[in-house]
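A.B. asks: Mind having a look at this structure? Questions to follow.
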Amino acid sequence: MHFVKRVFQTAVFLVNILVALMLLLSYLSSSISPTTFWPLAVFGMLYPYLLLFNVIFAVYYLLGKSHKLWLSVIVLALYFPRHWDQFQLIDHSNWEKEAGDLKVLSYNVRLFNKYGWKPDNQAKQKIFDFVKEQEADILLFQEFYHISDHPQFGAIEDMIVHSKAPYYYFERFEPATDKRFFGLAIFSKYPIVASGIVVASKTKGKARATFADIVIEKDTVRAYNLHLRSLRFVGSDYSFLQDPDQLYSNDRMVRSKEIIKKLRDAFKDRAIESEHIKAHIENCPYPVILGGDFNDPPYTYSYYQMFPILQDAFKENGFGLGFTYEGTGWLPPYRIDYLMHDNQFESSAFKTHSDIDLSDHNPITMLVNRNNKN
């Protein structure tokens, strides 16, 4: 019996070592580009689970009064400040809008539920109603869908009416002559005097990041709208990940290689896109607001490219875990949508609208004011 106990304890500690090493590798994922060594990005995606398992091991050894506690404690301590950044215990938001405040909204509307992913057939109208209630000054939309030759699907016109933001910039798929399109849209209650594409993906004409220069009274502010490269998983990929045994061994190998390739390409593309966006922001002559769908959680390389030049409004005034993506298949919920600003702004409020279930993403809003000290 004593021998069995020793074997069990040894096995547990070996697993502890393995999980601790994997957590260490996940720390590196925020600073080493996937273009250099992309498998690190996989550990980055697994970070919250590796963190949880290391905490469990620490508690296990603490209760057992074992000196093996040191391994998990040291590994957890090495990254301790960032652990706290993943959730917020106190809501500091103050939504009392004062003179000079700007309310900013970001929302991946998922084509306004064009293909009926959500059972609510009134999803599009409810999105417009939500936008109307928010009364935002700057609105950043991803996967914004519009059909110009069918008035009932004229989303741009409807959005202008509901948001009361008459100025907009839209960037879509090619060909430019297509009257049915979706892409990145920026709406503003203030005049847009310049705009353009920051990053276009390898797919011709597809914008990954855009900007609009907005004149507010005597100041010009630049708003960035992002939708970084997705995994591009299709239904059969999710089905396979949920039940790999549905395929024969040879087919499983082929499908596994396809999924690994999609992961690799997405990690690399997002790294390159985020580097270009960072360089563009660093050369911007105006105060910066940024929002959008990064398709990456807040412990990855593409996210950390935005620091220290920008601040994450969720970290300043958010509450809870802030999940913005509902998850699908084997993918759990994540926080992958962000609102940020540079140090010429101060954030006084942030909210994840988790009660709005009209897309596979939740809308987010923030309130900012020009920092008078700058």
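The values are calculated or read from the model by the stated rules, or taken from the named source; none is laboratory data. From a predicted model like this one, the values you see are computed outputs, not experimental measurements. Positions of Cβ are generated from backbone atoms using ideal geometry, with glycine treated the same way; all protein chains shown enter the neighbour counts. Surface areas here come from the heavy atoms of the whole protein model, side chains and all, with no ligands, DNA or RNA. Shrake-Rupley method; radii C 1.70, N 1.55, O 1.52, S 1.80 Å.
A.B. asks: Can you tell me the length gained on complete extension of the stretch LEU111 to ALA200, counting 0.36 nm per residue apart and subtracting the Cα distance?
C.D. replies: 30.1 nm
A.B. asks: At 0.36 nm per residue, minus the direct Cα-Cα distance, what do ASN121 and LEU231 gain on full extension? Give it in nm, one decimal, please.
C.D. replies: 36.9 nm
A.B. asks: Determine the shape class of segment 87-167: with a ≥ b ≥ c the square roots of the Cα gyration tensor eigenvalues, call it rounded for a/c under 1.5, and otherwise prolate if a/b is greater than b/c, oblate otherwise.
C.D. replies: Here segment 87-167 falls in the oblate category.
A.B. asks: Here is a further query. Between ASP357 and ILE17, what is the label-to-label distance in nm when each label sits 7 Å out along the Cα-to-Cβ direction?
C.D. replies: If labels sit at ASP357 and ILE17, their model points lie 4.6 nm apart.
A.B. asks: Over the chain, give the accessible area per residue in Å² for a 1.4 Å probe, as an integer.
C.D. replies: Ligands and nucleic acids excluded, the result is 50 Å² per residue.
A.B. asks: Moving on to the next point. Of the listed pairs LYS103/LYS206; LYS164/LYS206; LYS206/LYS268; LYS118/LYS164; LYS124/LYS164; LYS103/LYS189, which have alpha-carbon separations greater than 20 Å here?
C.D. replies: Flagged as over cut-off: LYS103/LYS206; LYS164/LYS206; LYS118/LYS164.
A.B. asks: For the chain, which span is the longest to avoid every loop-located (per DSSP) member of GluC sites (Glu not before Pro) having at most 12 other Cβ atoms inside 10 Å?
C.D. replies: In short, 218-374.
A.B. asks: Determine, for each peptide in 41-47, 73-79, the mean count of other beta carbons within 10 angstrom over its residues, then list the peptides with the highest first.
C.D. replies: 41-47, 73-79
A.B. asks: Take ILE160 and LEU78, extend 7 Å from each Cα along the Cα→Cβ direction, and tell me the distance between the two endpoints in nm.
C.D. replies: Going by the 7 Å Cα→Cβ label model, 5.6 nm.
A.B. asks: Between ALA99 and GLU135, with labels modelled 7 Å along Cα→Cβ, what's the label distance in nm to one decimal, could you check?
C.D. replies: According to this spin-label approximation, the distance is 1.8 nm.
A.B. asks: If you roll a 1.4 angstrom probe over the protein chains with everything in place, what fraction of the accessible area of segment 1-96 belongs to carbon and sulfur, to the nearest %?
C.D. replies: In segment 1-96, the share of accessible area belonging to carbon and sulfur is 77 percent.
A.B. asks: Using only the alpha-carbon atoms, how far is helix 249-282 inclined from the longest principal axis of the chain? Give it as 0 to 90 degrees, nearest 10.
C.D. replies: The two axes meet at around 50 degrees.
A.B. asks: Counting only DSSP beta bridges with both residues in the chain, what percent are antiparallel, rounded to the nearest 5?
C.D. replies: 85
A.B. asks: Can you match Kirkwood radius over Cα pairs in Å to one of these, (i) 20.5; (ii) 22.3; (iii) 21.5, based on a calculation from the structure here?
C.D. replies: (ii)
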